[in-house]
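Each value in this text was obtained by applying a stated rule to the coordinates, not by laboratory testing. Note that the structure is predicted; figures quoted are calculated from it, not measured. Backbone-built Cβ (ideal geometry, glycine too); neighbour counts: all protein chains shown.
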């Protein structure tokens with residue numbers, strides 16, 4: 001059903017988008033914050049990466065994109081912690097502002113072409129999966145290590161019980177800010193890698209990225225139901241790869257590309273509703 005080219009493409013994109021799933025794991029699962037900055041931060045990463053790569057610095061583009069994404073996360077966090085803006089609304093506000101910022105980074109053009117520019121994938125002709133796997137593996141390992149440090153444990157505790165954390169004299173505003181900064185830095189890195197993978201950056205590349213990330217995260221949690229921290233991080237990566245294969249199947253069935261966002265929304269809705277559906281069926285059977 002799948003040709004080697006389709007399998008390779010699904011794996012490459014799976015590992016690249018897995019960074020978004022890891023970012024959402026940190027914000028959505030660990031911090032328990034629905035961060036809507038994701039779409040804008042992803043596009044910001046694309047814009048910075050493309051602009052710097054065109055200038056002749058494809059490797060420098062990655063840390064710069066992460067720094068830009070971290071700044072976006074800090075803005076969202078400050079809106080929440082300092083100005084009392086609800087988390088979802090804070091993300092939406094930042095995301096809206098990022099549209100103009102992203103255009104500015106790309107020279108007020110809706111896209112940037114990198115066809116004649118070197119990228120991080122240039123040294124790997126026919127083996128684009130190598131940089132994708134290496135980058136995702138490094139970020140996944142770093143995330144697990146970080147979340148097991150003292151600061152990482154404080155961030156995890158903030159998501160579990162912020163009142164207890166405050167009672168322990170830990171600044172929850174700081175832990176939220178650091179957590180969202182890291183989360184959006186990882187999201188921007190995903191956008192940066194994708195832009196160089198596709199050799200183009202577009203202002204609309206980040207649209208629907210929250211749904212894609214959540215779909216991947218939930219699929220991974222369905223596969224890896226229980227386990228330690230590293231098991232959950234691995235689940236996010238595997239879930240994204242499975243999601244890309246689901247999209248590949250949809251394309252093989254001649255489903256219009258315009259319907260892929262709808263497929264993603266249905267996957268997320270069903271995955272979230274599945275436990276409730278099962279419990280309702282269990283309750284009826286007992287009756």
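Some points to look at:
- Ellipticity at 222 nm from helices only: DSSP H runs of n ≥ 4 in the chain, each -39500 (n - 2.57), divided by the residue count, give -25000 deg cm²/dmol.
- The packing ranking of peptides 239-245, 13-19, highest mean first, is 13-19, 239-245, where packing means the average number of other beta carbon atoms within 10 angstrom of each residue.
- Here the contact order of region 4-286, divided by its residue count and restricted to Cα pairs under 8 Å and six or more residues apart, works out to 34 percent.
- Remark: the Cα gyration tensor places region 151-287 in the oblate category, a/c being 1.5 or greater and a/b not exceeding b/c.
- FRET efficiency, residue 122 to residue 6 (Cβ-Cβ, R0 22 Å, nearest 0.05): 0.45
- Note on the chain: GNM, Cα springs under 10 Å; of 39, 163, 202, the largest mean-square fluctuation is that of 163.
- Shape of region 1-90, Cα gyration tensor, a/c cut at 1.5: oblate
- Result for the chain in a Gaussian network model with C-alpha springs under 10 Å: among 149, 158, 51, the largest mean-square fluctuation is at 149.
- Likely footprinting exposure, 81, 96, fewest C-beta neighbours within 10 Å first: 96, 81
- Neighbour counts of C-beta atoms inside 10 Å place 168, 87 in the sequence 168, 87, starting with the fewest.
- Cα centroid separation, region 176-245 to region 46-75 (Å): 17 Å
- Gyration tensor (alpha-carbon) shape descriptor, region 50-196, a/c threshold 1.5: oblate
- In terms of surrounding Cβ atoms within a 10 Å radius of their Cβ, 225, 29 rank from fewest to most as 225, 29.
- Rg ratio (alpha-carbon, reference 2.2 N^0.38 Å) - region 4-286: 1.00
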